[in-house]
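First the structure, in the form of structure tokens, and then the observations on it.
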Amino acid sequence: MTESASILTDDDILTQALTWKKDGRSVALATVINTWGSAPRPAGSQLAIDETGQMVGSVSGGCVEGAVIQEALEIIKSGEPKTLEFGVSNDEAWEVGLACGGKINVFVEKLD
């Protein structure tokens, strides 16, 4: 299953993760657990990642999503869940041409 222009539902993401597990792949699930200020995806948004880096869903976008995928691959190997924090202050946001800052916390866990 690939992500189209629209965001997949939570059921689509979890169904794909389960399919990967049934196929014998290791899978991690990333979930946005908190947001403050400006955040591209709301709390509850999910991203499933398999051991090859294939993904479905979204927790943010851009470099944050790439960082979450890299952490997920490490968590698949270690089995240790982790909460990741990403953010930018309002001042930093203005410096790079963004309207406002924000933060997100993403919980990443290996599915057993």
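Between ALA43 and ASP23, the C-beta separation translates, for a Förster distance of 35 Å, into a calculated FRET efficiency of about 0.75.
Between the amide H of SER26 and those of GLU51, distances stay under 5 Å, these residues lying 5 or more places away or on another chain, with hydrogens modeled in the peptide plane.
Which sequence of ILE33, ILE69, ILE49 reflects their accessible areas, 1.4 Å probe, from the largest down? Intermediate values should be presented prior to the final figure.
Working: ILE33 70, ILE69 25, ILE49 0 Å².
Most to least solvent-accessible, the answer reads ILE33, ILE69, ILE49.
Exposure check, 1.4 Å probe, all protein chains in place: ASP23 carries approximately 100 Å² of accessible surface. Each residue of segment 15-21 was assigned a 3J(HN,Hα) from its phi angle through the Karplus expression (A = 6.51, B = -1.76, C = 1.60, θ = phi - 60°), giving 4, 5, 4, 5, 4, 4, 4 Hz with x at Gly and Pro.
The values are calculated or read from the model by the stated rules, or taken from the named source; none is laboratory data. Only a predicted model underlies this, so the values are computations on that prediction, with no experimental measurement involved. Positions of Cβ are backbone-derived with ideal geometry, glycine not excepted, and every protein chain shown enters the neighbour counts. Keep in mind that these areas ignore ligands, DNA and RNA; they rest on the heavy atoms of the full protein, side chains included. Shrake-Rupley method; radii C 1.70, N 1.55, O 1.52, S 1.80 Å.
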